[in-house]
Amino acid sequence: MNPNKTLWEKGDFTRIAECMRESGEALAKQLGITSGLKVLDLGCGDGTTAFPEAKLGAEVLGVDIASNLVAAGNRRASERGLTNIRFQEGDASNLHELKDGAFDLVVSIFGAMFAPKPFDVAKEMVRVTRPGGRIIMGNWIPNDPTLVAQILKASAAYSPPPPEGFVSPMTWGIEDNVIERFGGAGVPKEKISFLRDTYTFNFPGTPSEFLTVFRTYYGPTMNAFEAAAKNGKADDLQKDLEALFSSQNKSSNKDATSIPATFLRVTVALG
């Protein structure tokens, strides 16, 4: 079994995605989408950015490695009666089922960064984008003081060391790595631009209740708690994350949570 597939089919990421909808919509509006644009949303989950892209008139294909998230996306499309969006399973490091140059825009917001073989991921994104098209990635930044980087950092501290050859997803948040990876796919440095951006998680409950959602449904956090429990340290991890979630909460309502997280937005312009 592909360990990446196992990770993202664990729990139920749709429960996390519900807290990401507003920022997903806001981000999609910044992508310059016009009616009829062919968009690949890679590592799409159940469509947090894919649905807003379709709403703006694009023809959207969402591809994700997790079968449960693909099913959830197709279910949401059916419920909305949308015919310009569909979801299918696929691996960002090997999109063999997709034709060369098939898309005007490839979008991957916190998606393809988690796939193994980052050089293959960059090559595949470039391959399926038409000449003159664009690739836009949103990647979490290693050691950034905001929420997701700190969740993943804390989780790693309580987990066993990764297998040999493992490349951290967070390395996609380093500009030089991005330049090197797309350079390996034939994209010159001057065609790649970077922007620090903010993504906000909004949850209708306390930070502690929001943490419970992560502990119950988010694969990386679930794995971290399982590993910590084996060492009798689950309570320590709980305390660390409760302090993190509380300190990051910017909501003025004590019964609500609003946590902004910084990410690296990458734009690749293909000649």
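Quick note: the coordinates plus some simple rules give every number you see, no bench work behind them. None of the values given here were measured: they were computed from a predicted structure. Note that we place each Cβ from the backbone using ideal geometry, even for glycine, and neighbour counts take in every protein chain shown.
Across the chain, C-alpha contacts under 8 Å between residues 6 or more apart give a mean separation that, scaled by the residue count, equals a relative contact order of 21 percent. For segment 110-263, relative contact order (Cα pairs under 8 Å, six or more residues apart, normalised by length) works out to 32 percent. Starting from the Cα gyration tensor of the chain, take the square roots of the eigenvalues, sort them a ≥ b ≥ c, and report rounded, prolate or oblate (rounded when a/c is under 1.5, otherwise prolate if a/b is larger than b/c, else oblate). The shape class here is prolate. Straightening the chain between SER251 and ALA26 buys 79.1 nm, computed as 0.36 nm per residue apart minus the Cα-Cα spacing. Counting only DSSP beta bridges whose two residues both lie in the chain, roughly 50 percent are antiparallel. Normalised by the number of residues in segment 202-271, the mean separation of alpha-carbon contacts (under 8 Å, six or more apart) gives a relative contact order of 41 percent. The order of VAL167, VAL187, going from fewest to most other C-beta atoms within 10 Å of their C-beta, is VAL167, VAL187. Assuming a ≥ b ≥ c are the square roots of the Cα gyration tensor eigenvalues, decide whether segment 1-145 counts as rounded (a/c under 1.5), prolate (otherwise, with a/b larger than b/c) or oblate. Taking the square roots of the gyration eigenvalues as a ≥ b ≥ c, segment 1-145 is rounded.
Fewest neighbouring Cβ atoms within 10 Å first, the residues THR49, THR206 line up as THR206, THR49. The GluC sites (Glu not before Pro) of segment 63-139 that DSSP puts in a loop, and whose beta carbon has at most 12 other beta carbons within 10 Å, are GLU97. Between ASP176 and ARG196, the contour length at 0.36 nm per residue exceeds the Cα-Cα span by 5.7 nm. Restricting to segment 1-105, compute how many DSSP beta bridges are antiparallel as a %, nearest 5. The answer is about 10 percent antiparallel.
What is segment 63-159 by shape, rounded, prolate or oblate, if you read a ≥ b ≥ c off the alpha carbon gyration tensor as root eigenvalues and call it rounded for a/c under 1.5, prolate for a/b larger than b/c, and oblate otherwise? Taking the square roots of the gyration eigenvalues as a ≥ b ≥ c, segment 63-159 is oblate. Counting neighbouring beta carbons within 10 Å and listing from fewest to most, the residues ASP104, ASP255, ASP41 come out as ASP255, ASP104, ASP41.
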